[in-house]
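Scroll down for the structure; my scribbles are underneath it.
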Amino acid sequence: MFLTMALLRKGISGKQWIGKYRRPRAITWQMKRNMLVHLEREAENEYWISRPYMTPEQERGHAAERRAQNWLKIKETKFQKFPEHKYVADHLNHLNTTKTWSS
């Protein structure tokens, strides 16, 4: 159908690079080379991903101590940011204007 439209119309209607009846893009040798480089890189990544650094036995609990230390640090910073305790007596102390020394 594309060939018929191109032969009969003497060109592609509208913009030639977008749309349903667009002109197919020519594949150059640079595109082929870049695709090969991309596929080789992907194959190498898959090779390294398929070989784990640690066994499941080594991996189990290897970071427990570090995570516990990080949690303690986070907990300490939360407590440092926590405001001091405030008491009702401190808030209502300004009302003690009529209180004398004897009472």
Whole-percent carbon and sulfur share, accessible surface of the chain, 1.4 Å:
59
Lysines near K86 by alpha-carbon distance under 26 Å, same-chain residues fewer than 8 away left out - which ones?
K73, K75, K78, K99
Give the accessible area for L95 in Å² (nearest 10); use a 1.4 Å probe, count only protein heavy atoms, and leave out ligands, DNA and RNA.
110
Using a probe radius of 1.4 Å on heavy atoms only, what accessible surface per residue do you get for the chain? Whole Å² is fine.
107
Just how large is the dipole of the chain about the Cα centre, in debye to the nearest 20, putting +1 at every Lys and Arg Cβ and -1 at every Asp and Glu Cβ?
1060
Compute the length gained on full extension between F79 and S13: take 0.36 nm times their separation in residues and subtract their Cα-Cα distance, giving the result in nm to one decimal.
16.8 nm
Calculate the tail of P(r) for the chain: the fraction of all Cα-Cα distances greater than 20 Å, expressed in %.
78
In the full protein assembly as shown, how much of R41 is accessible to a 1.4 Å probe, in Å² to the nearest 10?
130
Which Cα, out of G14, Q80, Q69, lies furthest along the positive dipole direction of the chain (beta carbon charges, K/R +1, D/E -1)?
G14
Taking a probe of 1.4 angstrom, what is the accessible area of K78 in Å², to the nearest 10?
130
Report, in degrees rounded to the nearest 10, the 0 to 90 angle that the Cα long axis of helix 29-49 makes with the longest principal axis of the chain.
40
Once the other residues with Cβ under 15 Å from the Cβ of R51 are scored (Lys, Arg +1; Asp, Glu -1), what is the net sum?
-3
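The values are calculated or read from the model by the stated rules, or taken from the named source; none is laboratory data. Everything numeric here is computed off the predicted structure, so don't read it as measured data. Glycine gets a Cβ as well: all are built from the backbone with ideal geometry, and neighbour counts include every protein chain shown. Ligands, DNA and RNA are stripped out before the accessible areas are found, and what is left, the full protein with its side chains, is counted by its heavy atoms. Shrake-Rupley method; radii C 1.70, N 1.55, O 1.52, S 1.80 Å.
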